[in-house]
Amino acid sequence: LQHRSRDAHGCSEVNIRNDSVKPDQHRSYPCSYKDCNGKELLPVLCPYCEKHFCLRHRHQSDHECEKLDTAKPRMAATQQLVQHIIGKYNSKKNEEAKSKKRKGAKNSETAAKVALMKLKMHACGDKSLPQTERIYFQVFLPKGNKEKSKPMFFCSKWSIGKVVDFAASLASLKNDNNKSTSQKLRLCHTASGEALPFEHTLETWLSNKEYPLYNGGNVILEYLDNDVLFIEDTESYFS
C-alpha cells in the first residue's frame, strides 16, 4: 500500500502523459510589416493589399502599402460632393455664408499664428516628438461630448488615420475605425467641412493650396456615416 500511487513508485506513464499534454494556444495574427513583431487576437486586414497588420500599422501609409496609390472608386461619392457644392453656392442663404467664410479665411493664417503661442503652453500630445515635427490644433470634439474642444499636437508626418486614433485616445472618445461599422470617427476641415481621407498625411494638408490646415488652427472630430464626405454646418461647433 505504501507504493501504490504513481508518484510513490516513479511510474513512467506519468512523464509520458505530462509530455503529451499541451496548453491551449489562442490563435493570433502576426503583423506583416517588416521587422514588426506585433500580433493581434482579431484579424486587422488592410482593405487594399489584404494583409494582416497590428493596430499600429493598419493604415496604408504606416505599413508602406504596396497598393498605396490604388484608390478605390469614389465616383458616386464625388458626384454627391459636386451636387452639394453646386446647391450650396446657388442658394441665396448660403451666398451670405460663403462671403463670411471668404472674409474669415483671409485672416485665418494670422489668427492661427497668434493662437499657436497659447496652444504650445496647454496642448497635450506625444512628448517624445521633436519640436520641429509638432503641429498644434484646437480640436473640436463630436457634438454631444461633454468637453467642447481640446488643444493637442501631432506629428506632421503622421497619416490622418493615425491623427484620428491618437486624438480619440487623448479625448477618451469611442473609436471603432478598425471595425466594419456604419459610422467612422473623421477629422474634418473647419473651412470646407470636408472629411480628410485617412491615407493622406498631415503635412499634405498643411501645404494644400485651396484649403490648407494651419499650425495653430482648428480642426473638427465627428462621427460620420461611411457615405458622408463633409460636415454641413461647421460654424455650429464654435458657437
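The values are calculated or read from the model by the stated rules, or taken from the named source; none is laboratory data. Keep in mind it's a predicted model, so treat the numbers as computed, not measured. Glycine also receives a Cβ, built like all others from the backbone with ideal geometry; neighbour counts cover every protein chain displayed. The accessibility values were calculated without ligands, DNA or RNA, using every heavy atom of the protein model including side chains. Shrake-Rupley method; radii C 1.70, N 1.55, O 1.52, S 1.80 Å.
Selection of region 190-202 for residues being closer than 18 Å to Leu116 by Cα and modelled with pLDDT of 95 or more yields only Leu202.
Scanning region 157-169 for residues that are in contact (Cβ under 8 Å) with a residue 24 or more places away in the chain and either farther than 29 Å from Glu210 by Cβ or over 13 Å from the mean Cα position of the chain (by Cα) (or both) yields a single hit, Lys157.
Residues are listed down the side, and each one gets a yes or a no for (1) within 26 Å of Leu229 (Cβ to Cβ); (2) charged (D, E, K, R):
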site: Ala112; (1), (2): yes, no
site: Met117; (1), (2): no, no
site: Lys143; (1), (2): yes, yes
site: Met152; (1), (2): yes, no
site: Leu187; (1), (2): yes, no
site: Leu196; (1), (2): yes, no
site: Leu202; (1), (2): yes, no
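Determine whether region 151-172 contains at least one residue that is within 21 Å of Leu116 (Cα to Cα), out of contact with any His (no Cβ under 6 Å at 6 or more places or on another chain) and polar (S, T, N, Q). Yes, region 151-172 has at least one match.
Checking each residue in region 115-139 for being open to solvent by less than 40 Å² (accessible area, probe 1.4 Å), without any contact (Cβ under 8 Å) to a residue 40 or more places away in the chain and assigned to a loop (DSSP other than H, G, I, E, B) picks out Ala123, Leu129.
The residues on offer are His3, His26, and the sole one that is open to solvent by 90 Å² or more (accessible area, probe 1.4 Å), within 26 Å of Ser169 (Cβ to Cβ), modelled with pLDDT under 85 and outside any helix (DSSP H, G or I) is His26. Across region 186-202, a minimum of one residue is classified as in contact (Cβ under 8 Å) with a residue 40 or more places away in the chain, open to solvent by less than 30 Å² (accessible area, probe 1.4 Å) and in contact with a Cys (Cβ under 9 Å, 6 or more places away or on another chain).
Restricting to region 184-239, name every residue that is part of a strand (DSSP E or B) and among the aliphatic types (A, V, I, L, M). If the condition is that a residue be part of a strand (DSSP E or B) and among the aliphatic types (A, V, I, L, M), then Leu185, Leu187, Ala195, Val219, Ile220, Leu221, Leu224 are the ones that fit. Of the residues making up region 148-160, at least one is part of a helix (DSSP H, G or I) and modelled with pLDDT of 95 or more.
Note on region 228-239: residues that are surrounded by fewer than 19 Cβ atoms within 10 Å (Cβ to Cβ) and either closer than 28 Å to Arg56 by Cβ or within 17 Å of the chain's Cα centre (by Cα) (or both) total 2.
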